[in-house]
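The values are calculated or read from the model by the stated rules, or taken from the named source; none is laboratory data. Keep in mind it's a predicted model, so treat the numbers as computed, not measured. For neighbour counting, all protein chains shown are included, and Cβ atoms are generated from backbone atoms with ideal geometry for every residue, glycine included. The area values use the complete protein model at the heavy-atom level, side chains included, leaving out ligands, DNA and RNA. Shrake-Rupley method; radii C 1.70, N 1.55, O 1.52, S 1.80 Å.
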Amino acid sequence: MATEVPARAEPGRPAIGDTDRLLYHRVVLQRLLPALAALAMVFLAGCGEESIETTIGEQPVDDGVTEDVPPATVDGGELIGTSWTLATGAGPAGEIMLVDGFPITLVFDGDTLGGTAACNEYGGEYVIEGSTLGIDNLSMTGMGCQPDVQAAEAAYLAALGDVDGIDLVGDELALSGPATELVFRRNNPVPIDDIVGQLWLLESLGQGEETRLPQGDPATLLLAEDGTVAGGTGCRELSGDYVVSGNQIVFPNFAADGDCPASLWDQDGLVINVLGDGFVPAVDGDRLTLASRGNEVLVYRATTEEEVTALPGEPVRSDAELLADVEWALVEAYTPEGPIQLLDPDDPEADGEGVITLILTPGSYGGELFCNRYGGPLEIGTGTIEFGPMEGEQEGCFEAAAAAYESALRGITQFGFEDPRTAERLVLTGNDHELIFEPR
């Protein structure tokens, strides 16, 4: 299943364009072991020399006699449309160490099953016969995640490949195999009727307990009855389709159009990440909370078109405004030939002149280049920056480093921030050059 969504945003970089978010490639797992009939044997042990008797009808039964108990039968029809989250588990690779914010889920849909394996989406075919479970033709997506999440995923997939038995008791589902025991808890169904057809306005966003207010244009979300999606991130318009998958809502087709100023890259990226990953929705009165991987959360409030139209939106600083009126000091510099050797201004060798600074104003740039002053024309676009020819004093000092910096500056084409929320480290890149500045 291919899903076209905007690329997941990287720290300090905008999520631009409509690209394949999850590159679905078939990663065929090992064919699972043949399903085996599970036989349960009940032993009623004697206590000392006396035997414990139980009564079935009027007939006493000696507990010292072993009685075969037929395996429990699971009706596969009861599972169709249900969703489960792994509570505990172990398999051939050992215990599955669950990671907060990266759940492992299991969804039954007709004759297929699937879900999220902590990091990637997976799916396959299944057959239930009595208490045996056969799983075949498993595949998964190929997204990379942090090491502990990938370790949980690998352990789970190894366990799933060992499964041959199934047991269902109320809201608990157990899958078992020769070296495997997986225990799942039933998920609540998606409150889709409370979500569809209502216009929602983004009120806060963040990760875990760190939340903040949105900026830019009113960011809305609307899931229509015809299965389409519309909304915005505060700077880009969203469109696509949605489906319910277990306890999540997923956007199989998802696009974002428009440009964002640097001050909204982080917000835009987080909204795209939550919606594009598939999210678990919860409705509480007029509040809608969407939770996705890594504990990323969006909180919306029910609203109307009239209210949204009347909202002025939160002021957003343009890229030029965000960069201007700050004296930036170069702290790291890399070129195709290697790093530029910068001197500590406090180093006696530098004689107080081992610093490179940069000041950006509308239409021009300038600063200190060791013992000289320099400057030139400047053009700033949405995430782009172009430095014109450099002019300045010609006093000789640290000439090799100065020449390398001037060459790097001419190759720069883009700018960003390591953390767009604070804008504390400015990163200029282009043509294999990278210049990193901090406020002086």
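Hey, could you check segment 215-249 for residues that are outside any strand (DSSP E or B) and touching an Asp or Glu at 6+ places or on another chain (Cβ under 7 Å) and say which is most open to solvent (accessible area, probe 1.4 Å)? Before you say what the answer is, go through the steps one by one.
Filtering segment 215-249 for residues outside any strand (DSSP E or B) gives 215, 217-219, 224-227, 233-236, 242, 246-247.
When the remaining residues are screened for being touching an Asp or Glu at 6+ places or on another chain (Cβ under 7 Å), the result is 215, 227, 233-236.
Numbers: Q215: 82, G227: 17, T233: 0, G234: 7, C235: 31, R236: 7 Å².
Ranking the candidates gives Q215 first.
Evaluated against (1) within 19 Å of L323 (Cα to Cα); (2) in contact with a strand residue (DSSP E or B) (Cβ under 8 Å, 6 or more places away or on another chain), T422 falls short on exactly one condition, (2).
A158 satisfies every condition listed in (1) closer than 27 Å to A72 by Cβ; (2) aliphatic (A, V, I, L, M); (3) in a strand (DSSP E or B) except (3). With respect to the conditions (1) open to solvent by 40 Å² or more (accessible area, probe 1.4 Å); (2) touching an Asp or Glu at 6+ places or on another chain (Cβ under 7 Å); (3) at pLDDT 95 or above; (4) closer than 21 Å to T82 by Cβ, D111 falls short on a single one, namely (3). Listed by position, the strands (runs of 3 or more DSSP E) inside segment 369-440 whose residues that are free of Cβ contacts under 8 Å to residues at least 24 places away in the same chain and open to solvent by less than 20 Å² (accessible area, probe 1.4 Å) number at least 2 are 372-380.
For segment 98-116, residues that are touching a residue at least 40 places away in the same chain (Cβ under 8 Å) and among the aromatic types (F, W, Y) total 1.
Residue count for segment 129-148, restricted to those that are of a type outside the set (A, V, I, L, M, F, W, C), in a loop (DSSP other than H, G, I, E, B) and either out of contact with any Ser or Thr (no Cβ under 8 Å at 6 or more places or on another chain) or without any contact (Cβ under 8 Å) to a residue 12 or more places away in the chain (or both): 4.
For segment 341-362, which residues satisfy the criterion of being at pLDDT 90 or above and over 21 Å from E395 (Cβ atoms)? Residue satisfying the conditions is L360 alone. Of all residue pairs spaced 6 or more apart or on separate chains, those with beta-carbon atoms under 6 Å, a first member in segment 73-97 that is surrounded by 15 or more Cβ atoms within 10 Å (Cβ to Cβ) and a second member that is among the hydroxyl-bearing types (S, T, Y) are T85/T105; G91/T180; I96/Y156.
Check whether at least one residue in segment 151-159 is touching a helix residue (DSSP H, G or I) at 6+ places or on another chain (Cβ under 7 Å), over 20 Å from D277 (Cβ atoms) and open to solvent by less than 20 Å² (accessible area, probe 1.4 Å), and report yes or no.
Here is the first cut: in segment 151-159, the residues touching a helix residue (DSSP H, G or I) at 6+ places or on another chain (Cβ under 7 Å) are none.
No, segment 151-159 contains no residue that is touching a helix residue (DSSP H, G or I) at 6+ places or on another chain (Cβ under 7 Å), over 20 Å from D277 (Cβ atoms) and open to solvent by less than 20 Å² (accessible area, probe 1.4 Å).
Filtering segment 313-340 to residues that are modelled with pLDDT under 80, open to solvent by 60 Å² or more (accessible area, probe 1.4 Å) and either on the phi < 0 side of the Ramachandran plot or aliphatic (A, V, I, L, M) (or both) leaves E314, P315, R317, E321. Residue-level check: of (1) farther than 21 Å from G101 by Cα; (2) open to solvent by 60 Å² or more (accessible area, probe 1.4 Å); (3) assigned to a loop (DSSP other than H, G, I, E, B), D193 misses just (3). The residue of segment 245-285 that is farthest from P315 (Cα to Cα), among those that are in contact with a Lys or Arg (Cβ under 6 Å, 6 or more places away or on another chain) and among the small types (G, A, S), is G276.
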